[in-house]
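Any read-out appearing in this document is the output of simple, stated calculations on the displayed coordinates, not a laboratory observation. Note that this is a predicted model, so its numbers are computed, not measured.
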């Protein structure tokens with residue numbers, strides 16, 4: 001089965017709609033998703049609970065502004081295994097950021113992109129390792145990263161799994177930066 005890009009994009013669109021209008025009720029069971037549900041039932045069955053977990057966390061946190069909240073949301077998406085979404089969300093933040101946070105965000109984006117690369121092609125270890133190495137370098141050089149040894153250990157573990165070509169995307173160490 002090929003990766004369902006149309007379903008991925010539709011779910012991310014619903015996710016963004018919620019973030020932009022948290023007062024509105026957004027359903028991942030809407031009739032807009034019905035054609036995708038017929039075509040990709042296993043994918044939606046897997047992904048929808050992940051989105052709902054992140055969205056419920058977002059609502060409970062009362063988040064909604066500032067770089068710290070954006071980093072927290074990117075982290076939550078990554079830890080839920082929503083690597084494309086973490087990448088896309090943080091990229092939007094990156095476009096609006098300046099200074100040292102811009103490079104840090106770029107590193108986070110590259111790490112998420114490395115995981116999404118493996119999601120698209122589980123044998124794409126070389127491309128994933130390239131993105132992981134570049135992302136880790138940017139993260140490690142950031143003043144924002146100072147004294148984040150647990151985070152670095154998690155990144156190193158993920159990188160080592162890529163090098164060993166033994167990575168299970170459903171069983172990654174969680175990243176906790178903040």
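Cα convex hull, segment 1-62: 75 Å³ per residue, rounded to a whole number. Estimated from helices alone, the mean residue ellipticity of the chain at 222 nm is -22500 deg cm²/dmol (sum of -39500 (n - 2.57) over DSSP H runs with n ≥ 4, per residue).
Here is the size of segment 73-153 from its Cα atoms: Rg then Dmax, 12.2, 35 Å. Using a Gaussian network model of the chain in which every pair of alpha carbons under 10 angstrom is joined by a spring, one finds that among 103, 149, 117 the greatest mean-square fluctuation is at 149.
Size of the chain from its Cα atoms: along the principal axes, largest to smallest, the extents are 46, 38, 24 Å.
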